[in-house]
């Protein structure tokens, strides 16, 4: 009970400190426009990344993020796969969501299916984190998966009240960042505020480069789909995958995940993935790619190599 309370308190404290601190920094910057400040360069917001050679591997980020969330693992994956890393529709730098379409998981899945069709790819290895994991499940349900690796995927919960509170907390913190995204450089320069912005997401905030965090903050102000999507995500949990399927599923959950703790969110997700392999990953948070990129990549490649090797053996028989 004490650990659970501490986890909730840490997440709420981080959200409140991030929101309140962003406002304070913005106000201070307005009062002292001539105050010297070190420049922190932001990375360009681009719609996607594609690189490497081999069988296609699709990486899907979480809500409010951009494709660069996967940057730490790309050097490990691209020697083995053609890696396709899109920014989701309605997120900063990504394609806009059709104004006639209500924001939903299925709408985002539709957009990704269209992109796979445009690339001429029927089946790909799929890896998804958080919301990206939920989207990966739906793509697999539509027959698009060679394999499926899920890193703390959203979509399942024990308590409707708990998931609603989680959604409200994320909306609050991301909304505050969006309002002050034009002050990203000033925000990142404050060490305590930087820690508060990252502590709920990752186990090692110091692993995230300054320019990357500046880019993420800028992105929060250019992601119109995030708020309306967070208003509806808690209404309908993910449906179970069929037990009889032709692709493996590996579920990876960080032991220091404060956003979606395993007991409340991982355990019910496992019940919706019959036959899935579960790995509890030490020393990482909800977004593990920067916490331990080598280990995360290894867990992905173990699955993709096994599938690709089996396919080669079948073709040679």
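Checking segment 287-294 against the condition returns a match, with at least one residue being touching a residue at least 12 places away in the same chain (Cβ under 8 Å) and assigned to a helix (DSSP H, G or I). In this structure, residue 218 does not satisfy being modelled with pLDDT under 95, within 19 Å of residue 291 (Cα to Cα) and touching a helix residue (DSSP H, G or I) at 6+ places or on another chain (Cβ under 9 Å). Restricting segment 226-283 to residues that are part of a strand (DSSP E or B) and in contact (Cβ under 8 Å) with a residue 40 or more places away in the chain leaves a set whose member that is surrounded by the fewest Cβ atoms within 10 Å (Cβ to Cβ) is 250. Is one or more of the residues making up segment 189-201 touching a residue at least 60 places away in the same chain (Cβ under 8 Å) and within 18 Å of residue 229 (Cβ to Cβ)? Checked segment 189-201: at least one residue is touching a residue at least 60 places away in the same chain (Cβ under 8 Å) and within 18 Å of residue 229 (Cβ to Cβ).
Take the conditions (1) surrounded by fewer than 19 Cβ atoms within 10 Å (Cβ to Cβ); (2) at pLDDT 95 or above; residue 191 misses just one of them, which is (2).
Take the conditions over 30 Å from residue 80 (Cβ atoms) and either over 20 Å from the mean Cα position of the chain (by Cα) or outside any helix (DSSP H, G or I) (or both) and apply them to residue 195. Does it pass? It is false that residue 195 is over 30 Å from residue 80 (Cβ atoms) and either over 20 Å from the mean Cα position of the chain (by Cα) or outside any helix (DSSP H, G or I) (or both).
If you go through segment 131-165 and keep only what is over 21 Å from residue 50 (Cα atoms) and not in a helix (DSSP H, G or I), you end up with 142, 143, 152, 153, 154, 155, 156, 157, 158, 159. Determine if segment 129-142 includes at least one residue that is surrounded by fewer than 21 Cβ atoms within 10 Å (Cβ to Cβ) and touching a residue at least 24 places away in the same chain (Cβ under 8 Å). Looking for residues that are surrounded by fewer than 21 Cβ atoms within 10 Å (Cβ to Cβ) and touching a residue at least 24 places away in the same chain (Cβ under 8 Å), one finds at least one in segment 129-142, hence yes. Being out of contact with any strand residue (DSSP E or B) (no Cβ under 9 Å at 6 or more places or on another chain) and surrounded by 21 or more Cβ atoms within 10 Å (Cβ to Cβ) is the requirement here; does residue 219 meet it? When the stated conditions are applied, residue 219 passes them.
A search for C-beta distances below 9 Å between a residue of segment 157-183 that is touching a residue at least 60 places away in the same chain (Cβ under 8 Å) and at positive phi and any residue that is part of a helix (DSSP H, G or I) and surrounded by fewer than 21 Cβ atoms within 10 Å (Cβ to Cβ), counting only pairs 6+ apart in sequence or on different chains, returns nothing. Among the residues of segment 202-225, the one identified as free of Cβ contacts under 8 Å to residues at least 60 places away in the same chain and outside any helix (DSSP H, G or I) is 209. Which one of these is closer than 29 Å to residue 208 by Cα, modelled with pLDDT of 95 or more and out of contact with any helix residue (DSSP H, G or I) (no Cβ under 9 Å at 6 or more places or on another chain): 152, 71, 130? Testing whether each residue is closer than 29 Å to residue 208 by Cα, modelled with pLDDT of 95 or more and out of contact with any helix residue (DSSP H, G or I) (no Cβ under 9 Å at 6 or more places or on another chain) leaves just 130.
Checked against (1) under 30 Å from residue 266 (Cα atoms); (2) touching a residue at least 40 places away in the same chain (Cβ under 8 Å); (3) not in a helix (DSSP H, G or I), residue 122 meets all criteria but (2).
The values are calculated or read from the model by the stated rules, or taken from the named source; none is laboratory data. Note that the structure is predicted; figures quoted are calculated from it, not measured. Heads up, the Cβs are rebuilt from the backbone with ideal geometry, glycines too, and the neighbour counts pull from every protein chain shown.
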